[in-house]
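Read through the structure below, which is laid out as structure tokens, and then see the notes.
No value in this document is a laboratory result; all are computed from the given coordinates. Worth saying up front: this structure is predicted, and the values here are computed from it rather than measured. We place every Cβ from the backbone using ideal geometry, glycine too, and count neighbours over all the protein chains shown.
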Amino acid sequence: MGIIEAAKDAGYRVTTVKTLFDEPDISGPLVVIRHDVDRRPGNALAMAHAELEAGVLTSYYFRSVPVSFDESIIRQIAEMGHEVGYHYEDWHLAGFDVQKARASLAGNLERLRALADISTMCMHGSPLSSQNNMTIWDHIDYADYNVKDAVLDLDWAPYVYFGDTGRTFHSGGATNLRDYLGDASHADDVRTSADVMAFLGERRSEHVHISTHPERWSDNTILWATQWSRDVAANTVKRMLKLVRG
Ligand SMILES: [Zn+2]
């Protein structure tokens, strides 16, 4: 039993961010899964395979920098039917220069769109940057680029949010993120993937938003993936072991 199975067994529809835009009248029970591929895109590929084999499609956000942007992997994940989105940090990369940021954004979207249909994006938090990457939108209108922002353009208030930052699903204390991504205050006791499964099994909320960073699961990837889909464990484990052990 894993997170995906727990969600499906409890009657949740597991889906992408894009679906929320495509189906504005969508109703629960719903689990939206977003993966921010900060680095180690191979882990994201393994996760994408495991999800596909478990019968669900989710969203994968890639950065423009080489540690994340892998053309072959982006193409493969898109071809599976998962959503590929843009994990932007142009404001930081451009040194907070509006003209450079505009060129960076346009160029990076074009590179990604050569590989996959891109309709949504979400911010990468550049930890060493003095300015939030969303500051770019004080100067540039992203509607000009025919793309939606997964955080700014959706109302996450009805959602309970679980993120894997810090290797647990606990998101208490991140009050600013609660405003953006949904409320974790009803789920303060949820810290592990087992807790998430129990939460879903009891259907404690009709709207759940799960965000993961596949690279954080490098030493837990096998657990995560086999939990998701025991039937395909043998093949998946082989792939994962190759990835994990290099
Ligand atoms: Zn990120």
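Observations on the model:
- Added length on full extension, which subtracts the Cα-Cα distance from 0.36 nm per residue, residue 106 to residue 10: 30.4 nm
- Centroid-to-centroid separation of the range 84-115 and the range 1-74 [C-alpha atoms, Å]: 22 Å
- For residue 198 and residue 157, the difference between the fully extended length at 0.36 nm per residue and the C-alpha to C-alpha distance is 12.6 nm.
- A dipole drawn for the range 1-40 from +1 and -1 charges on Cβ atoms has a positive end, and of 26, 6, 37 the residue lying farthest that way is 37.
- Per residue, the convex hull spanned by the alpha carbons of the range 1-158 comes to 122 Å³.
- Near residue 128: Cβ cut-off under 14 Å, other residues only, Lys/Arg at +1 and Asp/Glu at -1. The net charge is -2.
- Subtracting the Cα-Cα distance of residue 97 and residue 137 from their residue separation scaled by 0.36 nm leaves 13.2 nm.
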